[in-house]
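Novice: This is the structure I have questions about; it appears just below.
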Amino acid sequence: MEDLIIAGKRFESRLFTGTGKFGSNSLMEQAIIASGSELVTVALKRVDVNSDSDDILAHLRHSRINLLPNTSGVRNAKEAVFAAQLAREALGINWVKLEIHPDPKYLLADGEETLAATRMLAKDGFVVLPYIQADPVLCKKLEDAGAAAVMPLGAPIGSNQGLQTREFLRIIIEQSKVPVVVDAGLGAPSHASEAMEMGADAVLINTAIAAANDPVRMAIAFKMAVEAGRMAFEAKLAQKSYGAHASSPLTSFLS
Amino acid sequence: MFSDELQNISWEHTSQAIAAKTAADVEQALQKSKDLLSVDDFMALISPAATPYLEEMAQLARHYTHMRFGKTISMYVPLYLTNSCMNSCVYCGFQRSNHIERIILTEQEIENELKVIKELAPFQNLLFVTGENPRDAGVDYLEKAIQLAKPMFNNLSIEVMPLDVDEYARLTAAGLYGVVCFQETYHKARYNVYHPRGMKSKFDWRVNGFDRMGQAGVHKIGMGVLIGLEDWRTDVTMLAHHIRYMQRNYWKTKYSVNFPRMRPSENGHFQPNVIMTDKEYVQLMLAFRIFDHDVDISVSTRENKEFRANIIQLGVTSMSAGSKTEPGGYATYPQALKQFSVSDDRTPQAVVDDIRNNGYEAVWKDWDLCLQ
């Protein structure tokens, strides 16, 4: 399978994972290792970036794992930029998953603020991965603003509803010049496969793994599903057939 | 303002409607609970008709909690800054006419308390509690306390008298994250039986305090009723109306609920009018989770350790531990009068062990000051 490249960095795994909602940090570590994920998002609200003994960070110290700090909790561009800069200073990481969702209930992104923050952070040297609604126009604007990838949602965060935004994701994937990571709402390995078959460059899974009865086995299931979906995409799925081809009533006059 | 909305909700009709709920109403509410339920559905879930459905409700509540919060319990600790109070709440040990030693912690004492709390456990969520004493423990004092705590705690909340919009905004700018305030009871006609004098006797000022918090952009608002005053089913239904009203109007704010069950007060005079059984408490907690998948449900050390251990999987999402409910109780004045006696006096570590044994992670940090 082709490697994925974001901002010059090469990833063998196209499964990104989150770190929230696990029953313990050691279970989180085991599940993430089992998933093969190389890009793992951590919420700045949950980790103490200034402490060497932070328990979440301690469980993520593996050479294979790259951290992707996220700004979940901020309500506007200004707060997001400030948080990203502090994280860069403390962790020495200039990648940021931009999450600006002022609505704490459905955690839907504020496109206007996300675009503004992407502009500022990209100019400031950040590798910006913005989480957004599956809005094709916004994705193109984010690309122009310097986003290193776009992360449209499949369904509301934590809803496990699958690709509710399928038609819009299809357009985003078709138009995008930067990698498309389907983030949020994927509840089953089959959802992840479907996203990959459609041509998404990667998926990000958190709740579906963390809230499973057996997170480690579920992580493996997602790993396999992402690989299967990607392989199918690269092998070019045979087109669905639209009925029989016995006669050619429209073109028979040509023969 | 919510006081206007509340005028259109009849206490008596609500009580009757809850009593009239049937098994069919309960089943209908449960069936559609994947989506946002109405207050009418909530009334079915807390009604006597729902009692046979407790196990089914528990399964659903646990599922929704896992989806939204995961297997985590957020830990917090209260710090009582003062027991001085101008109010006369008939059920409270801090009421003005009680002849007890009144303490207002000095800056040095606050710092000492904070240090001792940090030695107890890696707490990041701190709740300042005061009586109502705007002259000596008002907004200036609270702002100072916030400044003292900021270097050590990432998430600062207050449980104090209702304030003005400007005052909430000022404290938020200083680093405040959340405000907790219990309406105690939504029964307006009976409210003054319990709160006869002082600022707290003004029902509308208190109930509209939540609007003021929302207008000031407070990040998280904690709401609740005191179980033991009026019919709990009707009171929590009013709370359900209130929370929906708040969510519609102040959509950037997070909400938490808490249902403190009244325990015997230090003055020995007031005994609860209503006793809520453990089974009823669990029913209420499950119903609230099914009604609102995202609301933070907090259970304090008022509840005993056996009960707290048993409810970890039933929808609770935040817990206090190691709490002292007297000002200076951690370091300065460990013998002062408590507001209420703590039932779960285990160390934070023992509480956390219990949480882990249930397969849950105790979360100390769920906010960072750099985000606000």
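Novice: With the requirement that a residue be free of Cβ contacts under 8 Å to residues at least 24 places away in the same chain and more than 14 Å from every other protein chain (Cβ to nearest Cβ), what does the stretch A:95-139 give you?
Specialist: Pass one, the stretch A:95-139, residues free of Cβ contacts under 8 Å to residues at least 24 places away in the same chain: A:103-105, A:112, A:123, A:132, A:137.
Correct list: A:E112, A:K123, A:I132, A:V137.
Novice: How about the stretch B:343-369: which of its residues are buried (at least 21 other Cβ atoms within 10 Å of the Cβ), more than 12 Å from every other protein chain (Cβ to nearest Cβ) and outside any helix (DSSP H, G or I)?
Specialist: Matches in the stretch B:343-369: B:D344 only.
Novice: Among B:S74, B:S88, which is within 27 Å of B:S300 (Cβ to Cβ), among the hydroxyl-bearing types (S, T, Y) and buried (at least 20 other Cβ atoms within 10 Å of the Cβ)? I'd like the intermediate steps shown before the answer.
Specialist: Details: B:S88 fails: buried (at least 20 other Cβ atoms within 10 Å of the Cβ).
Just a single option satisfies the conditions, and that option is B:S74.
Novice: Give me the residue from the stretch B:70-93 that is within 14 Å of chain A (Cβ to nearest Cβ) and polar (S, T, N, Q) and, out of that set, farthest from the chain's Cα centre (by Cα).
Specialist: Initially, the stretch B:70-93 is screened for residues within 14 Å of chain A (Cβ to nearest Cβ), giving B:70-75.
Checking the rest, the ones that are also polar (S, T, N, Q) come to B:72, B:74.
Working: B:T72: 19, B:S74: 14 Å.
So, considering only residues that are within 14 Å of chain A (Cβ to nearest Cβ) and polar (S, T, N, Q), the one farthest from the chain's Cα centre (by Cα) is B:T72.
Novice: Out of B:T301, B:T332, I need the residue that is in a loop (DSSP other than H, G, I, E, B) and either touching a residue at least 60 places away in the same chain (Cβ under 8 Å) or surrounded by fewer than 21 Cβ atoms within 10 Å (Cβ to Cβ) (or both). Which one?
Specialist: Details: B:T301 fails: either touching a residue at least 60 places away in the same chain (Cβ under 8 Å) or surrounded by fewer than 21 Cβ atoms within 10 Å (Cβ to Cβ) (or both).
None of the others qualify; the one that does is B:T332.
Novice: What's the total number of residues in the stretch A:179-200 that are without any contact (Cβ under 8 Å) to a residue 60 or more places away in the chain and out of contact with any Phe, Trp or Tyr (no Cβ under 8 Å at 6 or more places or on another chain)?
Specialist: Selection size over the stretch A:179-200: 12.
Novice: Given (1) part of a loop (DSSP other than H, G, I, E, B); (2) within 10 Å of another protein chain (Cβ to nearest Cβ); (3) of a type in the set (S, T, Y), where does A:S26 come up short, assuming only one miss?
Specialist: Every listed condition holds for A:S26 apart from (1).
Novice: Here's something else I'd like to know. Is one or more of the residues making up the stretch A:15-26 closer than 29 Å to B:D354 by Cβ and in contact with a Pro (Cβ under 9 Å, 6 or more places away or on another chain)?
Specialist: From the stretch A:15-26, those closer than 29 Å to B:D354 by Cβ are A:17-26; that's our starting set.
Filter once more, keeping what is in contact with a Pro (Cβ under 9 Å, 6 or more places away or on another chain): A:22-23.
Yes: the stretch A:15-26 contains one or more residues that are closer than 29 Å to B:D354 by Cβ and in contact with a Pro (Cβ under 9 Å, 6 or more places away or on another chain).
Novice: Evaluate the following for A:L186: is it crowded, with 23+ Cβ neighbours inside 10 Å and assigned to a loop (DSSP other than H, G, I, E, B)? First the steps, then the outcome.
Specialist: On the way: crowded, with 23+ Cβ neighbours inside 10 Å: yes; assigned to a loop (DSSP other than H, G, I, E, B): yes.
Spelling it out, A:L186 is indeed crowded, with 23+ Cβ neighbours inside 10 Å and assigned to a loop (DSSP other than H, G, I, E, B).
Novice: Which residue, of B:T317, B:T325, is under 27 Å from B:Y53 (Cα atoms), among the β-branched types (V, I, T) and more than 11 Å from chain A (Cβ to nearest Cβ)?
Specialist: Numbers: B:T325 fails: under 27 Å from B:Y53 (Cα atoms).
Among B:T317, B:T325, only B:T317 is under 27 Å from B:Y53 (Cα atoms), among the β-branched types (V, I, T) and more than 11 Å from chain A (Cβ to nearest Cβ).
Novice: Residues being modelled with pLDDT under 90 and either touching a His at 6+ places or on another chain (Cβ under 8 Å) or small (G, A, S) (or both): count how many of those fall in the stretch B:298-324.
Specialist: Counting residues in the stretch B:298-324 that are modelled with pLDDT under 90 and either touching a His at 6+ places or on another chain (Cβ under 8 Å) or small (G, A, S) (or both) gives 2.
Novice: I need the full set of residues from the stretch B:222-239 which are surrounded by fewer than 24 Cβ atoms within 10 Å (Cβ to Cβ) and over 18 Å from B:V274 (Cβ atoms), in order please.
Specialist: Result: B:M223, single match.
Novice: Confirm whether B:K188 is modelled with pLDDT of 95 or more, under 17 Å from the mean Cα position of the chain (by Cα) and basic (K, R).
Specialist: Details: modelled with pLDDT of 95 or more: yes; under 17 Å from the mean Cα position of the chain (by Cα): no; basic (K, R): yes.
No.
Novice: Name the residue, out of B:M238, B:M246, B:M213, B:M223, that is not in a helix (DSSP H, G or I) and not acidic (D, E).
Specialist: Values: B:M238 fails: not in a helix (DSSP H, G or I); B:M246 fails: not in a helix (DSSP H, G or I); B:M213 fails: not in a helix (DSSP H, G or I).
None of the other options fit; the residue is B:M223.
Novice: Restricting to the stretch B:274-298, and then to whatever is within 14 Å of another protein chain (Cβ to nearest Cβ) and of a type in the set (A, V, I, L, M, F, W, C), can you tell me which residue is surrounded by the fewest Cβ atoms within 10 Å (Cβ to Cβ)?
Specialist: The residue in question is B:V295.
Novice: If you don't mind, there's one more thing I want to ask. Identify all residues within the stretch B:148-166 that are within 14 Å of B:L81 (Cα to Cα) and not hydroxyl-bearing (S, T, Y); write none if there are none. Steps first, answer last, please.
Specialist: Step one: list which residues in the stretch B:148-166 are within 14 Å of B:L81 (Cα to Cα), which gives B:148-149, B:156-161.
Within the stretch B:148-166, B:L148, B:A149, B:L156, B:I158, B:E159, B:V160, B:M161 meet the criteria.
Novice: Follow-up question, since we're still on this one. A:S248 - would you say it is under 14 Å from A:A134 (Cα atoms) and among the polar types (S, T, N, Q)? Talk me through it step by step, then tell me what you get.
Specialist: Working: under 14 Å from A:A134 (Cα atoms): no; among the polar types (S, T, N, Q): yes.
Here the answer is no, as A:S248 does not meet what is asked.
Novice: Note down all Cβ pairs under 6 Å where the first residue falls in the stretch B:251-273 and is crowded, with 18+ Cβ neighbours inside 10 Å and aromatic (F, W, Y), the second is outside any strand (DSSP E or B) and modelled with pLDDT under 95, and they're at least six residues apart or on different chains.
Specialist: Matching pairs, first to second residue: B:F270/B:V90; B:F270/B:Y91.
Novice: Collect the residues in the stretch B:149-164 that are crowded, with 16+ Cβ neighbours inside 10 Å and either of a type outside the set (F, W, Y) or touching a Phe, Trp or Tyr at 6+ places or on another chain (Cβ under 6 Å) (or both), keeping them in residue-number order.
Specialist: We begin by selecting, within the stretch B:149-164, every residue crowded, with 16+ Cβ neighbours inside 10 Å; these are B:149, B:153-163.
Result: B:A149, B:N154, B:N155, B:L156, B:S157, B:I158, B:E159, B:V160, B:M161, B:P162, B:L163.
Novice: From B:E27, B:E12, B:E5, which residue is surrounded by fewer than 17 Cβ atoms within 10 Å (Cβ to Cβ), farther than 28 Å from B:K202 by Cβ, away from chain A (no Cβ under 14 Å) and acidic (D, E)?
Specialist: Working: B:E12 fails: farther than 28 Å from B:K202 by Cβ; B:E5 fails: farther than 28 Å from B:K202 by Cβ.
Testing whether each residue is surrounded by fewer than 17 Cβ atoms within 10 Å (Cβ to Cβ), farther than 28 Å from B:K202 by Cβ, away from chain A (no Cβ under 14 Å) and acidic (D, E) leaves just B:E27.
Novice: Is it the case that some residue within the stretch A:8-23 is farther than 19 Å from A:A147 by Cα, more than 19 Å from the chain's Cα centre (by Cα) and within 14 Å of chain B (Cβ to nearest Cβ)? Break it down stepwise before answering.
Specialist: The initial filter retains those residues of the stretch A:8-23 that are farther than 19 Å from A:A147 by Cα, namely A:12-13, A:15, A:17-23.
Those still in the list that are more than 19 Å from the chain's Cα centre (by Cα) too: A:23.
Within this subset, residues satisfying the condition of being within 14 Å of chain B (Cβ to nearest Cβ) are A:23.
Looking for residues that are farther than 19 Å from A:A147 by Cα, more than 19 Å from the chain's Cα centre (by Cα) and within 14 Å of chain B (Cβ to nearest Cβ), one finds at least one in the stretch A:8-23, hence yes.
Novice: Next question. Checking A:G92 against (1) within 26 Å of A:D3 (Cα to Cα); (2) crowded, with 20+ Cβ neighbours inside 10 Å; (3) free of Cβ contacts under 8 Å to residues at least 40 places away in the same chain, which single condition isn't satisfied?
Specialist: (2)
Novice: Scan the stretch B:132-147 and give yes if some residue there is within 14 Å of another protein chain (Cβ to nearest Cβ), crowded, with 19+ Cβ neighbours inside 10 Å and in contact with a Cys (Cβ under 9 Å, 6 or more places away or on another chain), otherwise no. Give the derivation first.
Specialist: Initially, the stretch B:132-147 is screened for residues within 14 Å of another protein chain (Cβ to nearest Cβ), giving none.
Checked against the condition, which is being within 14 Å of another protein chain (Cβ to nearest Cβ), crowded, with 19+ Cβ neighbours inside 10 Å and in contact with a Cys (Cβ under 9 Å, 6 or more places away or on another chain), the stretch B:132-147 yields no hits at all.
Novice: All but one of (1) buried (at least 22 other Cβ atoms within 10 Å of the Cβ); (2) of a type in the set (S, T, Y); (3) within 14 Å of chain B (Cβ to nearest Cβ); (4) assigned to a loop (DSSP other than H, G, I, E, B) hold for A:S37, so report the exception by its number.
Specialist: (3)
Novice: For the stretch B:1-97, list the helices (runs of 4 or more DSSP H) that sit wholly inside it and hold at least 3 residues that are over 30 Å from B:A321 (Cβ atoms) and aliphatic (A, V, I, L, M); which are they?
Specialist: On the way: elements: B:2-7, B:11-19, B:23-31, B:39-46, B:54-69.
Qualifying helices (runs of 4 or more DSSP H): B:11-19, B:23-31, B:39-46.
Novice: Here is a further query. Can you give me the number of residues within the stretch A:166-177 that are surrounded by 13 or more Cβ atoms within 10 Å (Cβ to Cβ) and more than 14 Å from the chain's Cα centre (by Cα)? Working first, answer last.
Specialist: Step one: list which residues in the stretch A:166-177 are surrounded by 13 or more Cβ atoms within 10 Å (Cβ to Cβ), which gives A:166, A:168-173, A:175-176.
Remaining after also requiring more than 14 Å from the chain's Cα centre (by Cα): A:166, A:168, A:170-171, A:175-176.
Final tally of qualifying residues: 6.
Novice: So, in the stretch B:173-200, how many residues would count as being in contact (Cβ under 8 Å) with a residue 60 or more places away in the chain and either polar (S, T, N, Q) or assigned to a loop (DSSP other than H, G, I, E, B) (or both)? Working first, answer last.
Specialist: Taking the stretch B:173-200 as the starting set, the residues that turn out to be in contact (Cβ under 8 Å) with a residue 60 or more places away in the chain are B:175, B:177-178, B:180, B:182, B:184, B:186-189, B:193-200.
Still in the list and also either polar (S, T, N, Q) or assigned to a loop (DSSP other than H, G, I, E, B) (or both): B:175, B:182, B:186-187, B:195-198.
Total satisfying the criteria: 8.
Novice: How many residues are without any contact (Cβ under 8 Å) to a residue 40 or more places away in the chain and within 14 Å of chain A (Cβ to nearest Cβ) if we restrict to the stretch B:39-69?
Specialist: In the first step, residues of the stretch B:39-69 are kept if they are without any contact (Cβ under 8 Å) to a residue 40 or more places away in the chain; the result is B:40, B:44, B:48-49, B:52-53, B:55-56, B:59, B:63, B:66.
Then drop every residue that is not within 14 Å of chain A (Cβ to nearest Cβ), which leaves B:59, B:63, B:66.
The qualifying residues number 3.
The values are calculated or read from the model by the stated rules, or taken from the named source; none is laboratory data. Computed from a predicted structure; not experimentally measured. Neighbour counts are summed over all protein chains in view; Cβ atoms, including those assigned to glycine, are modelled from backbone coordinates with ideal geometry.
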